[in-house]
Amino acid sequence: MRISIRAVFACLSLFAATATALADGNQFKDYPSGISGDFVVYRDFTWKTPTWVGFLEYSDSTWGAFALTPSTGSRVAVLFSSELDGDNLVLTGQKIISDIKPEDSLAVNYLMRLLPDLWSWRHAGTGSTLSASEATAVSGKPRSGLIPPLVRAGVSSDAFGGAINLIFAPEVPVFNLRGIAGADGSAALSLVRVGRIRSGGDSVFFNFAPQGEAKSSAPFAPAVGRKASPKTVNGITLKLDDQWAPAGENVFFLGSEAAIIVDSLDLSLMQMPEGDLPLSLLRLFSVSGPDSWADPSESAVSGTAKRIVVTNLFFDGAQNVLNRDVKVCFPSADGKSCVIVSLSVRESAWKANRAYFDALIP
């Protein structure tokens, strides 16, 4: 039996339909933004108590937005209609779809102001490309040359207290906005989740809740005296040992600690400009689901054009655990297909045995 992850790959064609070639220089307005159904959620540090705001792009004329302040029990959800006026988004109507109290009008007005600002900043023009050291300082890790650089743009905003710096990243959908920092460098807005609504509706967006604390896992270490048991699937030889049990010709489990799935992808589904594959794969594999949420600060791409590695850290809401997700992608020589080796492993096991897991996939 062959287990497929092709249902996940089907989303690639949706992204491809709106992808545009990246401009030379630092024109972040030419970064591919997203597709209908993409959403972003930010921690908003401008409020006195912990608050989160989110924006869902149904289309460029219909939006969903929420503001959540758990300590006060305030959850404001609004639908906006809009029209474009050049590089400006003009709101033409609104519908509040949540129960609100009189004091929640502040949050409604805030969302009404912030949405057009985020749109206009995204389409405003150029910024300055961050150097390698600056990008590392912002991301906490080196940024791969396989994807376009981070860009900083300075603007003034009364809502954020004056001069602010916007950090744009092409892998972030909707506004390409990774975060906002004040003039003193302190965080004003910080990305915490990206996702895409499915056919089941938009509850995955409007029911957002801050991530809880993951429970600790029992220590894991590879067994002593294990014997090599390599497996070859789709031309890729996995350096497994006898601890790994097959669950199909392309699926292998290491107890409850890890799983590996191997599958292939027809790249003609992507229909994207040449050179966008690493970025497209990073965006696809970093999308949160209804019960599994990726930490944007941990999303990364590395490797080479012949071996693209996409790494994420997912919080499993059902089991309350953290899982490291590593997808190693091998494009064919003719560029028409790609073999994807997907490794999912408990974060505690990953941290304690990084060299072991790294050696599994050539």
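The residues of the range 308-321 that are in contact (Cβ under 8 Å) with a residue 40 or more places away in the chain, surrounded by 21 or more Cβ atoms within 10 Å (Cβ to Cβ) and of a type outside the set (Val, Ile, Thr) amount to a single one, 315.
From the list 105, 133, 128, 144, the one residue that fits, being closer than 25 Å to residue 35 by Cα and polar (S, T, N, Q), is 144. Summed over the range 206-240, the residues that are free of Cβ contacts under 8 Å to residues at least 40 places away in the same chain, surrounded by fewer than 14 Cβ atoms within 10 Å (Cβ to Cβ) and of a type in the set (S, T, N, Q) give a count of 2.
Just to be sure before I move on: is residue 147 more than 16 Å from residue 190 (Cα to Cα) and either in contact with a strand residue (DSSP E or B) (Cβ under 7 Å, 6 or more places away or on another chain) or not assigned by TED's automatic domain parsing to the domain that holds residue 82 (or both) in the structure I sent? Answer is yes for this residue. Just one of the listed residues (92, 46, 51, 69) is at pLDDT 95 or above and either more than 24 Å from residue 197 (Cα to Cα) or loosely packed, with under 14 Cβ neighbours inside 10 Å (or both), namely 92.
Residue 306 satisfies every condition listed in (1) closer than 28 Å to residue 276 by Cβ; (2) under 19 Å from the mean Cα position of the chain (by Cα) except (2). Only strands (runs of 3 or more DSSP E) whose full extent lies in the range 238-350 are considered here, and the ones with at least 2 residues that are at pLDDT 90 or above, of a type in the set (Val, Ile, Thr) and not assigned by TED's automatic domain parsing to the domain that holds residue 149 are 258-266, 300-304, 307-316, 321-331, 337-346. Looking at residue 155, is it touching a residue at least 40 places away in the same chain (Cβ under 8 Å), surrounded by 12 or more Cβ atoms within 10 Å (Cβ to Cβ) and in the same structural domain as residue 45 (by TED's automatic domain parsing)? No, not satisfied. The selection criterion, being part of a helix (DSSP H, G or I) and closer than 19 Å to residue 180 by Cβ, holds for residue 107.
The set of residues in the range 156-169 that are more than 25 Å from the chain's Cα centre (by Cα) and assigned to a strand (DSSP E or B) comprises 156, 157, 162, 163.
The values are calculated or read from the model by the stated rules, or taken from the named source; none is laboratory data. None of the values given here were measured: they were computed from a predicted structure. As a convention, Cβ positions derive from the backbone with ideal geometry for all residues, glycine included, and neighbour counts pool all protein chains shown.
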